[in-house]
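The values are calculated or read from the model by the stated rules, or taken from the named source; none is laboratory data. Since the model is a prediction, treat every value here as computed from it, not as a measurement. FYI the Cβ positions are ideal-geometry reconstructions off the backbone, even for glycines, and counts take in every protein chain you see. Accessible surface areas use protein heavy atoms only, side chains included; no ligands, DNA or RNA. Shrake-Rupley method; radii C 1.70, N 1.55, O 1.52, S 1.80 Å.
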Amino acid sequence: FYPSFKPLRNDTVRALLSRSIKVPRVFFADRVSKGIVELAKYFEKRGALIYFEPSGIGQVKQFREMARLSHVLKYSQERASNFLEVLHGAKPLLQIETLGEDGIRCCSNLPKASTKGWMKVDGIDTAEFKDAKLSPV
């Protein structure tokens, strides 16, 4: 059992940022709230890579802002239909759509990328598959 998501509050973010905190190399978010977007802005301005792997939209305005802040945006094909229209205008350096056993498709906007536009990478057939979430430790 996991508790339900509780948005990070702005007053909590302000209290956190009033301290001298270390800036991470990567800031990861899979949901949005006003506080999460504020943290992403703060860390992005200080050089952190912003990695956004949304599971749903939540507040559309915050979702769009987070997508536009993101350097890496990753989502599954199954969830993409819920928010692809909302992503309009987001230009992350790397956008990844997982396709299950069919592999991935990705789009790089890196300045020195050797490819432009979307490219597909096929899935790899394996003799054995273990899911990290299901495998015993």
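Would you mind finding the longest exposed-site-free stretch of the chain, with exposed chymotrypsin sites (Phe, Trp or Tyr not before Pro) meaning DSSP loop and at most 10 other Cβ atoms within 10 Å? Longest site-free region, per DSSP loop and neighbour criteria: 2-128. Pairwise inverse Cα distances across region 47-111, averaged and inverted, put the Kirkwood hydrodynamic radius at 12.0 Å. Leaving out same-chain residues fewer than 8 places away, which aspartates and glutamates sit with a Cα under 14 Å from that of LYS41? Partners found: GLU65. In the context of the full set of protein chains, residues of the chain present 73 Å² of accessible surface per residue (probe radius 1.4 Å, heavy atoms only).
May I ask which of LYS6/LYS74; LYS6/LYS120; LYS22/LYS112; LYS34/LYS91; LYS45/LYS74; LYS22/LYS91 have a Cα-Cα span longer than 32 Å here?
In this structure, LYS6/LYS120 exceed 32 Å between Cα atoms.
Can you tell me the equivalent ellipsoid semi-axes for region 10-80? Use √(5λ) from the Cα gyration tensor, largest first, whole Å. Each step should come with its number before you reach the end.
Working: eigenvalues 96, 38, 15 Å².
Gyration-tensor ellipsoid for region 10-80: 22, 14, 9 Å.
In angstrom, the C-alpha Rg and Dmax of the chain are 16.8, 52. With each label modelled as a point 7 angstrom along the Cα→C-beta vector, the ARG68-ARG105 pair spans 2.5 nm. Here is the list for region 1-96: trypsin sites (Lys or Arg not before Pro) lying in DSSP coil, each with at most 16 other C-beta atoms within 10 angstrom of its C-beta, are ARG9, ARG19, LYS22, ARG25, ARG46. Among the protein heavy atoms, those of HIS88 account for about 150 Å² of accessible surface (1.4 Å probe, every chain in place).
The GluC sites (Glu not before Pro) of region 43-137 that meet both conditions, a loop assignment by DSSP and at most 16 other Cβ atoms within 10 Å of the site Cβ, are GLU85, GLU128.
The apolar share of the surface of the chain, taken as the fraction of accessible area on carbon and sulfur atoms (1.4 Å probe, ligands and nucleic acids excluded), comes to 53 percent.
Placing a label point 7 Å from the Cα of ALA113 along the Cα-to-Cβ line, no residue of region 35-52 has its backbone N under 13 Å from it.
Each label point was placed 7 Å from the Cα along the Cα-to-Cβ direction; for ARG79 and ASP122 their separation is 2.8 nm.
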